[in-house]
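Report on the following structure.
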Amino acid sequence: MVGSGHESTRRGKPPLARNILDELVQGTVVDGSRKRGRGRGRSQGGGRGRGQPTTERGQLSRATAEEVEEEQEVEREVEVGREMEVEREVEREMEDVEREMDMREERDMEEDEGHGGEEGTSQGASSSSSTRASYLRGASKLPKKPNNPDQRIVVRPYSDKSWEEIAVLGKECRPANGILGRLLKDNFPGMVQLPGDNHEGPAFTWHHYKAKVDGNRRSFAQRVKDEFWEYYKCKDGYEQVAEYVMEKACSKLVLDMHYEVRIQSVINYHFEHNNVKLVEGSARAKTLTKEEYMKVLPRWIVNEGLCWEKMVDKWCT
């Protein structure tokens, strides 16, 4: 997001953000789940309005009461659908910003290479075209870290899995989850043995990042968090909520990363070996053979050949 004033933020918050974040601040959410006690419905008890009936409802017939409950359930489903659509819209907005900034960086690189002459310009344009032809989503590389910690972009939780970047005049803001997704790839732990398991497997979940440690006895999950806060700083008063959002966001982004890398592999293979450009929709419905998948290792897993093979085996079985 690009700042257009002294301070620019997204307008309003989706209902999901208001509910979750308000409960976090009030201490009614612990470790990602709500405390037990009074339910979300209008009656007493721990359920969603299914405790002791109120005096008004007690006067209704059984059939009428069931109709009321059905209507309330439909209303809840509609509300959940609206909240999910708001989240999807936010994600699409962040992806559009990431694409625009990546393309701008590519154009800048082309101009730098073009100073060497027309041949250099042609080669740069060809390379850029190749990159864009097989591009799917997410940050292709990390931006330069701020030289001064005070220059970090301020963020605060926007929903239970996303952030709101507070932009200052003249300063560009990359979507925080875009940077977080790139850090998850750059710190991919490869093969991991979870506690209680007898064998190693690919790091398919955020739990795998927590389970594996590096030479400094720091978990790969902590590495991701530490590097994230080298780019951003949390708005004062939101630190506890930010930790909750970080956990939820990373859990989702790791799953998204594995879902998207198969589609990206299909796009890359057809472009590099068949000279065919595929869009995400058509690539999603296609599959490759194991031998074909092994020819298009993503850059973030290029040193983890065995891990990539295990991932491919899962897709092919």
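Odds and ends about this structure:
- Long-range neighbours under 7 Å by Cβ, at least six apart or interchain, first residue assigned to a loop (DSSP other than H, G, I, E, B) within region 136-157, second small (Gly, Ala, Ser) and at pLDDT 90 or above: Gly138/Gly178; Gly138/Gly181; Ala139/Gly178; Ala139/Gly181
- Members of region 226-240 found to be assigned to a helix (DSSP H, G or I) and either touching a Gly at 6+ places or on another chain (Cβ under 6 Å) or surrounded by 16 or more Cβ atoms within 10 Å (Cβ to Cβ) (or both), listed by number: Glu227, Phe228, Tyr231
- Count of region 212-226 residues which are among the acidic types (Asp, Glu) and closer than 19 Å to Tyr244 by Cβ: 1
- Region 188-213 - residue that is of a type in the set (A, V, I, L, M) and more than 30 Å from Pro149 (Cα to Cα) and, of those, most open to solvent (accessible area, probe 1.4 Å): Leu194
- Counting only residues that are over 23 Å from Asn148 (Cβ atoms) and outside any loop (DSSP other than H, G, I, E, B), region 214-225 holds 4 of them.
- Members of region 214-225 that are modelled with pLDDT of 95 or more, more than 19 Å from Pro175 (Cα to Cα) and open to solvent by less than 60 Å² (accessible area, probe 1.4 Å): Ser219, Phe220, Ala221, Arg223
- Considering region 149-198, the residues that are of a type in the set (Asp, Glu) and over 14 Å from Leu253 (Cβ atoms) include one that is modelled with the lowest pLDDT, namely Glu172.
- Hits in region 174-187 - residues which are surrounded by fewer than 22 Cβ atoms within 10 Å (Cβ to Cβ) and farther than 13 Å from Ser140 by Cα: Asn187
- Selection from region 265-281 of residues that are in contact with a helix residue (DSSP H, G or I) (Cβ under 9 Å, 6 or more places away or on another chain) and not acidic (Asp, Glu): Ser265, Val266, Ile267, Tyr269, His270, Phe271, His273, Val276, Lys277, Leu278, Val279
- One residue from Glu304, Glu260, Glu247, Glu291 being in contact with a Gly (Cβ under 8 Å, 6 or more places away or on another chain), open to solvent by 50 Å² or more (accessible area, probe 1.4 Å) and closer than 22 Å to Pro202 by Cα: Glu304
- Residue match in region 237-255 (condition: under 21 Å from Arg299 (Cβ atoms), modelled with pLDDT of 95 or more and of a type outside the set (A, V, I, L, M)): yes
The values are calculated or read from the model by the stated rules, or taken from the named source; none is laboratory data. The structure displayed is predicted, hence computed values, not measured ones. For neighbour counting, all protein chains shown are included, and Cβ atoms are generated from backbone atoms with ideal geometry for every residue, glycine included. Heads up: the accessible areas ignore ligands, DNA and RNA and are worked out on the full protein's heavy atoms, side chains in. Shrake-Rupley method; radii C 1.70, N 1.55, O 1.52, S 1.80 Å.
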